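Before any comments, here is the structure.
Throughout, read-outs are computed from the coordinates displayed, never taken from laboratory work. Keep in mind that what you see is a predicted model, and the values were worked out from it rather than measured. Methodologically, a virtual Cβ is constructed for each residue, glycine included, from the backbone with ideal geometry; neighbour enumeration extends over all protein chains shown.
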Amino acid sequence: MLVRTVAAAEDAIEWFGGLSLFTGRAVRELFRRPFEFTEVLKQVFEIGWRSAPLIILSGLAVGAVLSMHTRSTLERFGAVSMIPTALAFALVTETGPLITGLLVSGRVGAGIGAELGGMRVTEQIDALDSLAVDSFKYLVVTRVMACIIALPLLTVLMNLSGLLGGYLAEAVVSGASFTFYFRSAFNGLAFSNYIPPTIKTVVFGLIIGSTSAYLGYNATGGAEGVGRASTQSVVLSSIFLIVCNVILVKCIFFLFPGTAL
Amino acid sequence: MTEELEAGRKSGKCAIEFASVSKAFGSRVVLKDVSFSVAEGTTYVLLGRSGAGKSVTLKLIDGLLKADSGTVTVNGEDIAALEHRALAQSRKRIGYLFQSAALFDSISVGENVAFPLRRHTKKPDAEIRSQAQGLLEQVGLGKEYDSMPGDLSGGMRKRAGLARALAVEPSLLLVDEPSAGLDPVTSTEIDELLIDIKTNRHATLVVVTHNIQSARRIADRMAFIDEGRLLAEGTVKELEHSEHELVQAFMNSHMGG
């Protein structure tokens, strides 16, 4: 029993070591030539643009639900006029970035894990290397870079569609005007409320890109291995993202004390 | 023995040299102290049963894997000692046809063939397309430029993979199981293509196969690998008279691969 536990712990440490080295290499290679601009743009389109409909729809729904909850709470204190500010604050500081990260890790993490895993088991990655193309730069670095670029942009989209969803829910109940709602929402936010949480999604992008690429790039075992890489990409990048979020929020509170409620 | 082989041997030029090479994956030993050399401009066939270590030998030649011990020398360079850029330069002179063809399934057949040209030359798009089209015509796939790899049969994929491997005008061509899973007619066509490449492009070929008929057609020299060990090495006739029973049984069999 003890031997098995020690062996499992050793495997886990080895796995994390491998992931850390892989991520470190990906970050270093981000700043080295060749930059593979065409492939990065293609991946930004795949990861960012193709995720936009999912983000907009989810944002509308999350905003509407948050608005309904906020109204039922604030009504008790006679503070209904605070609904836009409270909703904007909740969305921009935490809900928007975290939900965007989780949605992208589901859609994109699984995609990267399956795509690179499929390329590995069908020798397409070896074929790239044999054609004198650095497969790590061409496949991994471009996807990590695309995730880093796409996550903050998608977060802004999530925040805006969340506010729109909140407005629509509020308009149905109280008939609030569009201008009043959005002016109240943005007046309650300081620069330091939305910049640091949006920038933290750069780290989310790095986590999603590197974890899913690591699992796919090192996949073994045929179709079963590809399926495993895809599933683990979603599960592990979501867990890492949630845990890392706690640390990042603490860092933001430390660096920008004004952002704490 | 062909004239090219004689010329390569006389000039003393070795395209590839394995010196006491061993390779293991965990506890599974794939190659044990293997040594052989391949003369320039010749076709060298690696024979053996499945899992004998033949495909690993090809990957060691291309630097896709590194030997645990021993030296793999390709065109006079120790392939494991090459730095990243030097390895890439070396690979530009090596074509590799993978067992599964390994075509990139997100781009068309023609773009697969054009891929190395787009990466490594500054030729205009029209010229690259025309060159890729020419290569596809050479392998009998002139009408398949815009087809996706998933739409091709196994034999067509192999031929497309061969066209891509030839795009870099390699001096060394590595071919993994060219006839696996193919009917005898397609298999013979691919063998003829390989003979044509050696004769007209003066390339060195290393071919991995189970197919003894195919091996007899294309080989100048052969090596027989079993359980990671090189059991026999020489010309077709020399292997036919090998003292190893397994080698003799393999050489005298009529299996189709």
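Close amide H contacts of B:Leu97 (hydrogens built in the peptide plane, cut-off under 5 Å, sequence separation of 5 or more or a different chain): B:Leu174, B:Val175, B:Asp176.
GNM remark for chain A: springs join alpha carbons under 10 Å apart, and the peak mean-square fluctuation among A:Leu60, A:Leu131, A:Leu168 falls on A:Leu131. Between B:Ser27 and A:Ala8, the FRET efficiency from the beta-carbon distance, with R0 = 25 Å, is close to 0.80. For chain A, the mean residue ellipticity at 222 nm estimated from helices alone is -26500 deg cm²/dmol, where every DSSP H run of n ≥ 4 contributes -39500 (n - 2.57) and the total is divided by all residues, rounded to the nearest 500.
As a rough footprinting exposure proxy, the listed residues B:Phe25, B:Phe250 were ranked by other beta carbons within 10 Å of their own, and the order from fewest upward is B:Phe25, B:Phe250. Shape analysis of the range B:139-180 based on the Cα gyration tensor places the equivalent ellipsoid semi-axes at 19, 13, 7 Å, largest first. Of the residues A:Tyr217, A:Tyr138, the one with the fewest other Cβ atoms within 10 Å heads the list, and the complete ranking is A:Tyr138, A:Tyr217.
Which whole-angstrom value gives the distance between the alpha carbon centres of the range B:21-77 and the range A:184-261? Cα centroid of the range B:21-77 versus Cα centroid of the range A:184-261: 43 Å apart.
Remark: A:Ile112, A:Ile252 ranked as A:Ile252, A:Ile112, counting other beta-carbon atoms within 10 Å and listing the fewest first.
Evaluated over the Cα positions of the range B:138-209, the convex hull gives a direction-averaged projected area, one quarter of its surface, of 4.7 nm². Would you please classify the overall shape of the range B:9-95 from the alpha carbon gyration tensor, given that a ≥ b ≥ c denote the square roots of the eigenvalues, rounded means a/c under 1.5, and beyond that prolate means a/b larger than b/c while oblate covers the rest? Judged from the Cα gyration tensor, the range B:9-95 comes out oblate (a/c at least 1.5, b/c at or above a/b). Working ranking of peptides A:186-192, A:12-18 by packing, defined as the average number of other Cβ atoms within 10 Å per residue, highest first, is A:186-192, A:12-18.
Rounded to the nearest 5, the antiparallel percentage of DSSP beta bridges internal to the protein assembly as shown is 55%. The value given for the range A:1-132 is a Kirkwood hydrodynamic radius of 19.3 Å, derived from the mean inverse Cα-Cα separation. Residues in the range A:121-132 carry Karplus couplings, in order, of 6, 9, 6, 5, 5, 4, 4, 4, 4, 5, 8, 6 Hz; the curve used is 6.51 cos²θ - 1.76 cosθ + 1.60 with θ = phi - 60°, and Gly or Pro positions show x. Counting Lys and Arg as +1 and Asp and Glu as -1 over every other residue whose Cβ lies under 10 Å from the Cβ of B:Ala223, the net charge comes to +1.
Taking amide hydrogens as placed 1.01 Å from N in the peptide plane, the amide H of B:Asp226 sits under 5 Å from those of B:Leu231, each at least 5 positions away in sequence or on another chain. Taking every alpha-carbon pair within the range B:39-165, the share separated by more than 20 Å comes to 53 percent.
All C-alpha to C-alpha distances of chain B, sorted into 5 Å bins beginning at zero, yield P(r) values of 1, 6, 13, 17, 19, 18, 13, 8, 4, 1, 0, 0 percent in whole numbers. Which shape class, rounded, prolate or oblate, goes with the range B:172-229 when its Cα gyration tensor gives a ≥ b ≥ c as root eigenvalues, a/c under 1.5 marks rounded, and past that a/b bigger than b/c marks prolate? It comes out oblate by the Cα gyration axes. Rg and Dmax, both from the Cα atoms of chain A and both in Å, are 21.0, 69. Charges were assigned to the Cβ only: +1 to each Lys and Arg, -1 to each Asp and Glu. The resulting dipole of the range B:1-123 about its Cα centre is roughly 320 debye.
The mean number of partner chain beta-carbon atoms within 10 angstrom of a residue's beta-carbon across peptide B:56-64 is 2. Note that the range B:103-169, at 37 °C in a medium of 0.692 mPa s, gets a Stokes-Einstein diffusion coefficient of 288 µm²/s from its Kirkwood radius over C-alpha pairs.
Running Debye on the protein assembly as shown with equal point scatterers at the Cα sites and no solvent, what base-10 log of I(q)/I(0) appears at q = 0.07, 0.09, 0.12, 0.13 Å⁻¹? Log10 I(q)/I(0), no solvent term: -0.51, -0.74, -1.08, -1.21. Largest GNM mean-square fluctuation across A:Gln232, A:Gln43, A:Gln124, computed for chain A with C-alpha springs under 10 Å, falls on A:Gln124.
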